[in-house]
Each structure stands twice: as structure tokens, then as C-alpha cells.
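Here is the structure we will look at.
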Amino acid sequence: MSNIVILTGAGISAESGIETFRAETGLWAQHRVEDVATPEGFLRDPKLVVDFYNERRAQAAGATPNTAHEALARLEAAHRGDVLVVTQNVDDLHERGGTKNLIHMHGALNSALCGACDHRWPAPMQMAAGDTCPACSAPMARPDIVWFGEMPYQMDRIFTALGNADIFAAIGTSGNVYPAAGFVAEAARAGAHTLEINLEPSAVGSQFNEALLGPATQTVTTWVDEILSAG
Ligand code: BV8
């Protein structure tokens, strides 16, 4: 009975019509990361940052989970061992695709955070700079997103799962951002079989035992069917 840890990135949502970060027409091509995904950028121009995430929240709300999201939910429901999805994505397509055991390590568009008291609440579709916190009333609401230089969420739980993994799969991530890009090394140290599912090898592609190249809606479905038929 094998324990499986799956890391996903923007590539698993690409076929749902959500832009990735590093493609030529990607999100970062239109915005400087320092301006929209750092605490300094938020302090400098909170409206620019809040509007950037409002745009992405609307895009995510208009998207639907694809067969790769649904295949991972099928795996979790049918596999006898543990299945944990750790996503770098901030959209809610894994949840809407049926995944339950899920960690949003870089936060989530549908959550809002108070910069003063750390209270969290469901984000409205459109946030505005200076929105007040429903708990402490400070005008310090921000998107509940992990920006560069901030600590990703639930790292202890992630490292425990990596230490117990028999299989580690990274799906649709370019392996540019740490600590997520370091998870393959952590899983390999624990003796897990490591697999990269992507259109092309990522920046850490050489660290994986195996690669499945092709669009996630095909490769993830094939991989899940193989796992489930192996029992
Ligand atoms: C931290 C916010 C410390 C949410 C994001 C070590 C070495 C070097 C640098 C660092 C290091 N440690 C830390 C750093 C700094 C930094 C970092 O890694 N910088 C990089 C750029 C060098 N890391 C951090 O700052 C992290 N924090 O380490 O804190 C700390 C310690 C103590 C106390 C406090 C702090 C925080 C990182 C989180 C940053 N937030 N975003 C949002 O706006 O969405 S990162 C952003 O990029 C996204 O969240 C996303 O998760 C991430 C990675 O992008 P990908 O998901 O990989 O997407 P990308 O477009 O790049 O690639 C898409 C892939 O899909 C491609 O490979 C493509 O081929 C594939 N694909 C496309 N279509 C398909 C497909 N695959 C299959 N099918 C398809 N159809």
C-alpha cells in the first residue's frame, strides 16, 4: 500500500484556461513579480496588487476543473494508501474537481487575510485596498496569498508527508520556485519513486526517476489509471 504525495503547479490548470506564470504570454510577462507578488509591492501600491488578484479570482471563477484535476480526485477516492495533493496554485479547481486532502502552500484566491490580526475569511469576488477586517476592523485586509519572501503554509505537514512518501509526482510546475522545487530531493531522500509530469522537463527535471511528457489532461489520467489498475 503506497503513500503518494503530489505537487501541482500552474500547468495542471492551463487546460482549464488559467494562465501559467512563465509562458511568454503568462502572468509574469504582464506584471513584474516584485510589483504584484511581494509584501513590498503590496505596501508600495496595494491597489495594483489587489486588482491583480481580483483579475485572477474572476478568471478562476470562470474556469472549470479539467480531467487532470478529476483524475487526482479519483486517485484519492480509490487508492488504498494516503494521497496528499500539495498545490502551488491559488485557484480552487482541485477542490471543485473533488480533491479533499489538499494543501494550498501558496494561499488561495477565495481566502482573505488580515495583515493586523491574522484573521481569515472567505474573500469577496472583488477586494479593495483598505478593506477592513471583520474581526478587528483594521483597514488591513489583503489577499491570503504567500508572496515572495513569505513562508509558505503548512510546511511541517508537507515535510512529514514527503518523509513518508513512496511515490512523489510533480505535475505542471517549472521547478523555479523554492521551497516547492526542493520537494523532489526531499522525497528522494526518503526513498520515494519520483515522477515529473509536464510538457517538457522542468528546471529540476534531472532529479526525477521518471518523466511523463504531454498535456496534463492526458498524462495525469493515464498515470492515475495505471496506479489504480496496479492496485
Ligand atoms: C520563502 C503567489 C523563506 C501566488 C508565488 C532558494 C533558492 C533561490 C531562491 C529562493 C530559495 N528559497 C527562497 C527563495 C526565494 C523565492 C524563490 O524561490 N524565488 C525564485 C524565483 C528563485 N521563494 C520564496 O520567496 C518563497 N518563500 O522561501 O520564504 C522564508 C523563510 C523564513 C521566514 C520567512 C520566509 C515563497 C514562494 C511563493 C511565492 N508566491 N505566487 C500567486 O500569485 O499565484 S510563486 C508563483 O510561481 C506561483 O505561486 C507558482 O506557485 C509559482 C511557480 O510557478 P509554476 O506553478 O511552476 O508555474 P510556471 O508558469 O512557472 O510553470 C508552469 C509549468 O507547467 C511549466 O513547467 C509548463 O511546462 C507546465 N505546463 C504548461 N501547460 C501544461 C503544463 N504541464 C502539463 N500540461 C499542460 N497543459
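The values are calculated or read from the model by the stated rules, or taken from the named source; none is laboratory data. Computed from a predicted model, the values in this text were never measured in an experiment. Every residue, glycine among them, receives a Cβ derived from its backbone with ideal geometry; neighbour counts consider all protein chains shown. Only protein heavy atoms, including side chains, enter the accessible area calculation; ligands, DNA and RNA are left aside. Shrake-Rupley method; radii C 1.70, N 1.55, O 1.52, S 1.80 Å.
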Legend entry - Subset of segment 34-68 (residues that are touching a Ser or Thr at 6+ places or on another chain (Cβ under 7 Å) and open to solvent by less than 40 Å² (accessible area, probe 1.4 Å)): ALA63, PRO65, ASN66, ALA68
Inset, instruction - Would you point out the residue of segment 1-22, among those that are out of contact with any Gly (no Cβ under 8 Å at 6 or more places or on another chain) and assigned to a loop (DSSP other than H, G, I, E, B), that is farthest from SER174 (Cα to Cα)? - result: ILE18
Inset, instruction - Please find, among GLU186, GLU196, the residue that is crowded, with 20+ Cβ neighbours inside 10 Å, in contact (Cβ under 8 Å) with a residue 24 or more places away in the chain, outside any loop (DSSP other than H, G, I, E, B) and among the acidic types (Asp, Glu). - result: GLU196
Inset, instruction - Would you mind stating whether ALA211 is closer than 21 Å to ALA71 by Cβ, part of a strand (DSSP E or B), more than 9 Å from the ligand (Cβ to nearest atom) and not assigned by TED's automatic domain parsing to the domain that holds VAL33? - result: yes
Inset, instruction - Report whether or not GLU196 is in contact with a strand residue (DSSP E or B) (Cβ under 8 Å, 6 or more places away or on another chain), within 14 Å of the ligand (Cβ to nearest atom), under 19 Å from GLU76 (Cα atoms) and among the acidic types (Asp, Glu). - result: yes
Legend entry - Matching residues in segment 10-42 - criterion: being farther than 17 Å from HIS106 by Cβ, aliphatic (A, V, I, L, M) and either touching a helix residue (DSSP H, G or I) at 6+ places or on another chain (Cβ under 9 Å) or within 8 Å of the ligand (Cβ to nearest atom) (or both): ALA23
Inset, instruction - Return a yes/no flag: does segment 68-76 have any residue that is within 14 Å of the ligand (Cβ to nearest atom), part of a loop (DSSP other than H, G, I, E, B) and over 15 Å from the mean Cα position of the chain (by Cα). - result: no
Inset, instruction - Could you check ASP92 against (1) open to solvent by less than 50 Å² (accessible area, probe 1.4 Å); (2) within 12 Å of the ligand (Cβ to nearest atom); (3) charged (D, E, K, R) and say which number it fails? - result: (2)
Inset, instruction - Output yes when any residue across segment 158-168 is assigned to a strand (DSSP E or B), open to solvent by 20 Å² or more (accessible area, probe 1.4 Å), within 16 Å of the ligand (Cβ to nearest atom) and among the hydrophobic types (A, V, I, L, M, F, W, C), and no when none is. - result: no
Legend entry - Search result, residues across segment 21-72 that are among the polar types (S, T, N, Q) and free of Cβ contacts under 8 Å to residues at least 24 places away in the same chain: THR25, GLN30
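Yes/no per residue for (1) within 13 Å of the ligand (Cβ to nearest atom); (2) modelled with pLDDT of 95 or more; (3) open to solvent by less than 30 Å² (accessible area, probe 1.4 Å):
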site: CYS136; (1), (2), (3): no, yes, no
site: MET155; (1), (2), (3): yes, yes, yes
site: GLY172; (1), (2), (3): yes, yes, yes
site: ALA180; (1), (2), (3): yes, yes, yes
site: VAL220; (1), (2), (3): yes, yes, yes
site: ALA230; (1), (2), (3): no, no, no
Inset, instruction - State the number of residues belonging to segment 23-33 that are surrounded by 14 or more Cβ atoms within 10 Å (Cβ to Cβ), modelled with pLDDT under 80 and assigned to a loop (DSSP other than H, G, I, E, B). - result: 2
